[in-house]
């Protein structure tokens, strides 16, 4: 009867395969109008006015500006700096200024084009390297870096940079707002965090909690891009619905979605590493700068995770990490799979390559010497438990060596690169303790078993995993579990679907609630003298005689976990997951083209709840990282995203995907569900980039620590090296 560890059918699989699943743009609501957005075209300016084209028939549409907002003109998140609609000042291209609702999408777009903005341009900061305003900064200090540097044989320095990346979920952003009797609002849409949207709507509409309901529709991918931005779109749809007095649907096309929504933070990370000649690691001194864009959004927590992961999967006695996220006049950057860790882990892996070159040591051997083992402490002083750094590294290498590839045809050159990394599962620091995520399992009125949580299904398998965990804890077949769709009016707040926390954190709460429900049912059956052949029959009898029965549980961090927010030290996460990649590439020195021919990914999942879903997470993350590494360059021109369509923003297709080999490693975490599960959703994003760059370096002799690693960069480096060699002769 146990379903954990088995390849059970996905709960939502049949509907998605057959087309029965209804995404937000599939929903038809009687009397629904359609929304459009009027956006700025300058990166920074003073908004002097808004003019409507006099020849347009404005009686056919509804227009909303900042003056129509009944509550606070703010998208509530960490800082109250981002308005729902710009009122006096523009801070980035594509910033929303006004909204239109009309009976047809065509009329809404025509009306938006008939609105002219009067904007006085102001000086704009368009580059991370020119930015001065700091949103947030952190510092980690462990040991005495200065003293360690004084005793070093060698100081190795280097800089690594990464660019923005578009999440490019299959389904664009979309929301529907419906007025409720008594002045309330219901919003349905594609999202990761229903209660984020709920809180944002309360602020912008000035409504109490009970008058706002947020319901997640079937969601076609998120990757962090549907964490904070849906609050903006929900506010816009709700403001239009309120003024129009009818339902309003807003769904972006791909161009608007790329142009206006958040992306991965660009980064610049500088490393200064003190070592002995024999390879002993003495000290790491790291400086991090992230580009936050025009508004704060989630930049402080992206920066905190990046800062904590900056020393990588390595044991270093002396560490100093200084970090900051800066404001520029570009569309805001926000959550993206990995949440700051991919940027800083890329940088530390590049630094390992530099140090290995400087010392003449094989990079793999250097990693073996430095890696964190059980009992070692991280940069924040957290002791390693359930550590698997050595195992994932050796398993990845063994898998790669188990077979060989034919050599590339001339003039292509082959290279192989390795990366080692870790990723904290759950909210950073005291986040989970403050959030106190809740979930419930109940016997419904019809006697069936239901799981209630705000955690969303965005393609990763949440509903399936919750059903597996609840079924095994109850001792019933997996097919008997129903997972209720997230609706803020009827499910507890289990927290956002982010930070690799859904299975490990919320899944554990679901499991605990199911165990307690089983115990209560058995006690009731004994007291009521009910004899039933199994728990399902007992549940139906309980519902018939006494009605529904629900058990709600609250997440409690594992014992002994302590984080000091002021000192930015201690136990940053309940546990880390671990990963290693081996990338094999062929490089054409005539064109600079890089082809990844094999990619091995070893990932520590703690305990695998669903093998197919776990493998899918690793493979999907690897392909997303492949795009970030080689092709996905967000081009800006005067603060505007220049390549805002799929014809010019290049993502990997099936033809670009190499042979992917996934190795699932199980190093159980004592406080995870199902006997030790960890979070792995973000882990696979961290390693392919540095492994690919290291492989290119082995093939060409040139280490280029920047992403994306475009062909023209490789050609320029090869040409520069050729000029130096020629000059030497």
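The values are calculated or read from the model by the stated rules, or taken from the named source; none is laboratory data. The structure displayed is predicted, hence computed values, not measured ones. Neighbour counts are summed over all protein chains in view; Cβ atoms, including those assigned to glycine, are modelled from backbone coordinates with ideal geometry.
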Q. What tally of residues in the stretch 667-691 results from selecting those that are under 24 Å from residue 224 (Cα atoms) and not in a loop (DSSP other than H, G, I, E, B)?
A. 8
Q. Of the residues that make up the stretch 572-587, is at least one surrounded by fewer than 20 Cβ atoms within 10 Å (Cβ to Cβ) and in contact with a strand residue (DSSP E or B) (Cβ under 8 Å, 6 or more places away or on another chain)?
A. no
Q) Does at least one position in the stretch 260-272 carry a residue that is within 30 Å of residue 109 (Cβ to Cβ), modelled with pLDDT of 95 or more and surrounded by fewer than 24 Cβ atoms within 10 Å (Cβ to Cβ)? A) yes
Q | Boolean, residue 304 is within 20 Å of residue 421 (Cβ to Cβ) and in a helix (DSSP H, G or I) | A | yes
Q) Checking residue 170 against (1) under 30 Å from the mean Cα position of the chain (by Cα); (2) surrounded by fewer than 13 Cβ atoms within 10 Å (Cβ to Cβ); (3) over 30 Å from residue 250 (Cβ atoms), which test does it fail? A) (3)
**Q.** Top-ranked residue of the stretch 449-503 - restricted to ones that are touching a strand residue (DSSP E or B) at 6+ places or on another chain (Cβ under 7 Å) and in a helix (DSSP H, G or I), ranked as farthest from residue 11 (Cα to Cα)
**A.** 474
Q) Is one or more of the residues making up the stretch 182-197 assigned to a loop (DSSP other than H, G, I, E, B), free of Cβ contacts under 8 Å to residues at least 40 places away in the same chain, under 30 Å from residue 439 (Cβ atoms) and outside the structural domain of residue 307 (by TED's automatic domain parsing)? A) yes
Q.
Checking the condition at pLDDT 95 or above and either part of a loop (DSSP other than H, G, I, E, B) or over 27 Å from residue 294 (Cα atoms) (or both), which residue from 49, 31, 35 passes?
A. 31
Q: Being within 21 Å of the chain's Cα centre (by Cα), within 30 Å of residue 515 (Cα to Cα) and touching a residue at least 12 places away in the same chain (Cβ under 8 Å) narrows it down to one of 608, 623, 634, so name that one.
A: 608
Q. What is the residue count in the stretch 16-27 for residues that are out of contact with any strand residue (DSSP E or B) (no Cβ under 9 Å at 6 or more places or on another chain) and part of a loop (DSSP other than H, G, I, E, B)?
A. 2
Q. Within the stretch 633-666, which residues are assigned to a loop (DSSP other than H, G, I, E, B), within 25 Å of residue 397 (Cβ to Cβ) and either in the same structural domain as residue 39 (by TED's automatic domain parsing) or touching a helix residue (DSSP H, G or I) at 6+ places or on another chain (Cβ under 6 Å) (or both)?
A. 652, 657
Q. How do the pairs read when you match residues in the stretch 578-599 that are more than 21 Å from residue 398 (Cα to Cα) and not assigned by TED's automatic domain parsing to the domain that holds residue 416 with residues anywhere that are surrounded by fewer than 18 Cβ atoms within 10 Å (Cβ to Cβ) and at pLDDT 95 or above, using Cβ under 7 Å and keeping only pairs 6 or more apart or on different chains?
A. none
Q.
Just the residues that are surrounded by fewer than 19 Cβ atoms within 10 Å (Cβ to Cβ) and touching a strand residue (DSSP E or B) at 6+ places or on another chain (Cβ under 8 Å), please, taken from the stretch 150-160.
A. 151, 152, 153, 154, 155, 156, 157, 158, 159
(Q) Looking at 395, 324, 373, can you tell me which residue is assigned to a strand (DSSP E or B), touching a residue at least 12 places away in the same chain (Cβ under 8 Å), on the phi < 0 side of the Ramachandran plot and surrounded by fewer than 23 Cβ atoms within 10 Å (Cβ to Cβ)? (A) 324
Q | Residue tally, condition without any contact (Cβ under 8 Å) to a residue 60 or more places away in the chain and buried (at least 20 other Cβ atoms within 10 Å of the Cβ), over the stretch 505-522 | A | 2
Q | Leading residue by the ranking (nearest to the chain's Cα centre (by Cα)) among those in the stretch 198-210 that are in a helix (DSSP H, G or I) and more than 18 Å from residue 82 (Cα to Cα) | A | 209
(Q) Let me spell it out: the conditions are (1) in a helix (DSSP H, G or I); (2) out of contact with any helix residue (DSSP H, G or I) (no Cβ under 8 Å at 6 or more places or on another chain); (3) surrounded by fewer than 22 Cβ atoms within 10 Å (Cβ to Cβ), and residue 381 meets all of them except one. Which number is the exception? (A) (1)
Q.
Kindly evaluate residue 86 against the criterion of being modelled with pLDDT of 95 or more, in a loop (DSSP other than H, G, I, E, B) and either in the same structural domain as residue 206 (by TED's automatic domain parsing) or at negative phi (or both).
A. yes
**Q.** Among (1) over 30 Å from residue 622 (Cβ atoms); (2) surrounded by fewer than 20 Cβ atoms within 10 Å (Cβ to Cβ); (3) in contact (Cβ under 8 Å) with a residue 40 or more places away in the chain, the one test that residue 238 misses
**A.** (2)
